[in-house]
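Report on one structure; see the data block that follows.
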Amino acid sequence: MSDEDAATNREAVNPEAVNPPDGGADAVVLTGAEIVCECLLHEGVDIVFGYPGGAILPTYDALTKYPQLHHVLTRHEQGASHMADGYARATGKVGVAMATSGPGATNLVTGIATAMMDSSPIVCITGQVPTGAIGSDAFQETDVTGITLPITKHNYLVTSIDELPEVMREAFHIARTGRPGPVLVDIPKDVQIQEAEFVYPTEPIQLAGYSPPKTARARQVAAALELIRKSKRPIILAGHGISMAGANEELAQLAEKAQIPIALTLLGKGAISEQHPLCLGMMGMHGGAEVNHAIQQADLLIALGMRFDDRVTGNLATYARGSRKIHVDIDPSEINKNVTVDVGIVGDLGEVLRQLLDRVERRPNKAWFDRIAEWRADSELREIVRPAEAPQHPAVPEGKLLGAQVIRDLFEFTAGGAITVTDVGQHQMWEAQYYQHERPHSLITSGGLGTMGFGLPAAIGAKMSRPDQEVWAIVGDGGFQMTMMELATAVQERVNVHIAIINNGFLGMVRQWQEFFYEERYNQTPMVNPDFCKLAEAYGIPTVRVTERGQIEEAVNASRAQTGGPTLIDFVVEKEEIVFPMVPAGADLDDMIRRPTPAEFERQQRERAAAAEVAEAETTELEAPAAAAALGSRFGV
Amino acid sequence: MAKHILAALVENRPGVLARVANLFRRRSFNIDSLSVGRTQRDEMSRMTIVMESDSAEADRLVKNLYKLVDVVHVDHLHSQPSVVREMALVKVRATSDNRREVIQLCDIFRARIIDVSAESLVVEITGEEEKLENFTELVRPFGIVEMVRTGMIALGRGGHTLKDEGFKPNRSRAAARSNVL
């Protein structure tokens with residue numbers, strides 16, 4: 001996201017705008033509200049997600065004069081901020097959310113925090129009580145700039161109409177450049193009503209305290225190259241920054257030229273095609289075992305646009321102990337934050353990778369790849385999700401539908417080409433494990449904040465941003481119910497988003513933790529759900545319910561055939577399925593809870609059967625072995 | 001652990017102090033003192049931040065300060081020749097019986113007496129932290145009624161300055177700019 005993007009955005013401005021962007025010769029007198037709309041047009045905005053209310057009404061009134069700005073009425077302001085986020089993540093353009101003061105603004109907060117954690121460029125415009133009433137606890141007054149201080153990249157309280165154009169321009173500039181992020185502009189009602197001469201500022205934006213870094217210092221590039229040259233077991237850790245910087249091609253070239261395998265973070269999916277022979281797949285808590293082993297055994301980590309989140313490192317004290325580390329990030333404060341590195345490079349990833357590419361040497365790492373292949377073969381043995389016709393792992397329960405199978409088959413029947421937007425929980429991890437992404441920006445998920453309720457609204461935003469793309473919202477039954485009121489938004493806007501509910505009647509990921517770490521006390525995780533099909537039908541949405549694997553293809557095809565609005569599939573899946581592998585929170589990265597291999601599983605089954613016989617013969621306490629057998633019988637833990 | 005003295009030039013805009021203070025809280029930085037005031041340029045304020053920490057922690061603070069859009073420049077002043085001063089106003093209990101003794105102490109420390117009453121003196125003392133602490137220890141037996149310290153302020157010696165080139169105040173924003181608080 002560069003200034004050039006901003007320039008191209010500007011060309012999209014409607015020529016009927018009151019004040020044409022090129023000339024700026026004749027100043028026009030406009031209200032603050034109209035100035036907001038003008039500035040949105042200048043930034044290339046075409047859609048605003050929002051919800052009206054008293055303090056923002058002047059701007060909603062002005063919107064009637066700007067038909068080029070399509071306003072999407074959400075059913076809750078949280079939906080507006082997630083939609084703006086989904087819109088932004090699908091294209092890299094800035095998403096815009098609008099809300100009134102007080103409760104409208106506070107309802108945006110979860111979406112703003114989500115965007116902040118995942119560096120998503122959104123601009124939120126909130127109404128505020130009139131300047132004279134600020135601080136008086138007026139009706140619907142909240143200190144929204146105070147509330148959002150730690151969860152925005154920057155925010156503004158506009159106190160004068162004279163600063164409004166510059167503030168709006170800075171807000172978009174800050175949101176989209178450097179490490180992108182959310183910016184909030186709080187505009188008191190009187191500022192929206194006041195009139196002023198409007199001339200769109202044309203001089204370059206000057207922010208003395210803000211200049212995103214670009215290229216790396218030659219000395220650092222040389223140091224990084226030296227570490228790469230010396231390494232025998234290097235691995236690249238590719239994060240969200242790759243796609244945000246548009247450095248996908250450079251990443252592939254670097255990996256190919258130096259023959260370095262690539263591990264992906266959750267948000268790094270799409271950085272490189274997962275079909276690429278050098279791409280290992282996802283790392284971390286639910287990443288591939290072979291990926292985590294490779295990271296722990298590597299002698300060089302090359303971390304690109306990722307931030308060593310605790311979900312990818314596990315125990316920091318034992319994380320990749322034998323490796324030197326290179327870390328490239330556009331945000332200097334990420335360097336040495338969680339993991340101390342040997343070479344920290346601050347810069348735009350595209351630029352830095354090109355600097356490295358110029359001089360990196362080809363290094364065959366055959367022994368290293370052989371070792372990774374061994375780990376991978378072991379993982380393959382334990383795999384439960386295979387094509388329907390292939391022989392299945394003995395742990396797979398006969399005749400039951402697994403969430404993981406749904407994702408794998410969805411990947412197959414959408415030919416891996418959809419933009420998928422997930423919610424948060426088990427289904428999110430299965431998506432990450434079984435939906436192989438090829439293109440940047442094709443997986444949209446709340447990684448950092450882990451926001452349940454993100455999926456449906458973000459998918460609506462993504463589809464409106466990329467109407468040419470097939471978009472699937474993959475959600476759990478828990479998260480879906482947090483924001484399912486946005487079904488109405490999708491219907492009203494005729495948004496052709498396909499909703500797949502992975503419905504296990506549980507808060508599945510929490511249940512999994514309770515199973516492993518809280519002795520199966522499933523407190524507050526079973527859920528009584530509505531009939532999701534009937535619910536969707538109440539909105540006029542076509543639905544299908546799937547309870548067997550054999551029904552998936554037809555249901556997916558039927559959904560894909562619908563074009564006029566949303567569709568919904570209720571996948572009723574096995575209640576107590578587990579996401580394997582799992583690194584328990586705080587454990588060493590290679591200390592994973594694994595699914596047993598078929599041989600291990602069968603041996604465990606025999607041992608259990610024998611133990612059960614012994615237990616039956618004795619008339620003693622039965623409780624403990626019975627519990628163990630019940631736990632083990634499902635997936636052989 | 002060592003004492004780190006950081007100087008930050010910030011844009012003189014509403015809310016800047018709140019942003020910096022919030023940063024300390026949000027990222028758990030332990031700050032000994034923070035002092036803020038205007039500079040020779042109306043549109044710019046200068047903060048002096050003192051923290052007891054290891055240098056990694058101080059570096060982390062510098063990087064996080066730079067993430068704030070309103071922060072123009074940050075520098076470590078402990079790692080180069082610099083002058084550091086703090087001022088304290090100390091109200092010392094002093095009657096006609098012992099006033100002379102207190103005044104003598106003030107003379108030794110080159111402190112100024114700026115208010116006298118029948119029961120007490122207000123002393124203004126300026127210097128480095130150690131000097132202020134020695135002084136307060138010595139007057140403590142007389143009775144310190146109340147006191148206030150400014151927190152440290154610092155400037156680099158000689159040619160060392162905080163960079164503010166490239167910073168041009170925004171035309172229409174200048175009017176809206178009131179103060180840093």
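The values are calculated or read from the model by the stated rules, or taken from the named source; none is laboratory data. All of these numbers come straight from a predicted model, not from anything done at the bench. When we count neighbours, we look across all protein chains shown, and the Cβ atoms used for this are built from the backbone with ideal geometry, even at glycine.
Numerical summary
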{"read-out": "Selected residue (only one of A:131, A:100 is in contact with a strand residue (DSSP E or B) (Cβ under 6 Å, 6 or more places away or on another chain), surrounded by fewer than 18 Cβ atoms within 10 Å (Cβ to Cβ) and either within 30 Å of residue A:241 (Cβ to Cβ) or not aromatic (Phe, Trp, Tyr) (or both))", "value": "A:131"}
{"read-out": "Selection status of residue A:172, under 17 Å from residue A:198 (Cβ atoms) and either free of Cβ contacts under 8 Å to residues at least 24 places away in the same chain or more than 9 Å from chain B (Cβ to nearest Cβ) (or both)", "value": "yes"}
{"read-out": "Residue tally, condition surrounded by fewer than 24 Cβ atoms within 10 Å (Cβ to Cβ) and either under 10 Å from the mean Cα position of the chain (by Cα) or part of a loop (DSSP other than H, G, I, E, B) (or both), over the range A:425-441", "value": "6"}
{"read-out": "When residues of the range A:301-331 are limited to those that are within 14 Å of another protein chain (Cβ to nearest Cβ) and farther than 21 Å from residue A:585 by Cβ, the one surrounded by the most Cβ atoms within 10 Å (Cβ to Cβ)", "value": "A:327"}
{"read-out": "Test: residue A:461 is among the small types (Gly, Ala, Ser), more than 24 Å from residue A:402 (Cβ to Cβ) and in a loop (DSSP other than H, G, I, E, B)", "value": "no"}
{"read-out": "Criterion violated by residue A:195 - all others in (1) under 30 Å from residue A:90 (Cβ atoms); (2) in contact with a helix residue (DSSP H, G or I) (Cβ under 8 Å, 6 or more places away or on another chain) satisfied", "value": "(1)"}
{"read-out": "Residues (touching a residue at least 12 places away in the same chain (Cβ under 8 Å) and either within 7 Å of chain A (Cβ to nearest Cβ) or not small (Gly, Ala, Ser) (or both)) located in the range B:52-68", "value": "B:52, B:54, B:57, B:60, B:61, B:62, B:64, B:65, B:68"}
{"read-out": "2 or more residues in contact with a strand residue (DSSP E or B) (Cβ under 7 Å, 6 or more places away or on another chain) and of a type in the set (Val, Ile, Thr): qualifying strands (runs of 3 or more DSSP E) within the range A:269-383", "value": "A:324-329, A:343-346"}
{"read-out": "Test: residue in the range B:10-26 that is farther than 28 Å from residue B:133 by Cα, under 16 Å from the mean Cα position of the chain (by Cα) and not in a loop (DSSP other than H, G, I, E, B)", "value": "yes"}
{"read-out": "Qualifying residues in the range A:573-612 (those that are touching a residue at least 60 places away in the same chain (Cβ under 8 Å) and of a type in the set (Asp, Glu)) - the one surrounded by the most Cβ atoms within 10 Å (Cβ to Cβ)", "value": "A:577"}
{"read-out": "Residues located in the range A:489-524, provided they are within 23 Å of the chain's Cα centre (by Cα) and closer than 23 Å to residue A:87 by Cα", "value": "A:489, A:490, A:495, A:496, A:497, A:498, A:499, A:500, A:501"}
{"read-out": "In the range B:18-51, residue farthest from residue A:334 (Cα to Cα) [restricted to those that are surrounded by fewer than 18 Cβ atoms within 10 Å (Cβ to Cβ) and within 12 Å of chain A (Cβ to nearest Cβ)]", "value": "B:41"}
{"read-out": "Selection within the range A:534-571 - under 19 Å from residue A:427 (Cα atoms) and aromatic (Phe, Trp, Tyr)", "value": "A:571"}
{"read-out": "Enumeration of residues in the range A:132-163 that are in a helix (DSSP H, G or I) and at the interface with another protein chain (Cβ under 9 Å from one of its Cβ atoms)", "value": "A:145, A:146, A:149, A:150, A:162, A:163"}
{"read-out": "Qualifying position, being at pLDDT 95 or above, among the polar types (S, T, N, Q) and surrounded by fewer than 24 Cβ atoms within 10 Å (Cβ to Cβ), among A:420, A:414", "value": "A:414"}
{"read-out": "The one condition in (1) within 19 Å of residue A:74 (Cβ to Cβ); (2) buried (at least 22 other Cβ atoms within 10 Å of the Cβ) that residue A:119 fails to fulfil", "value": "(1)"}
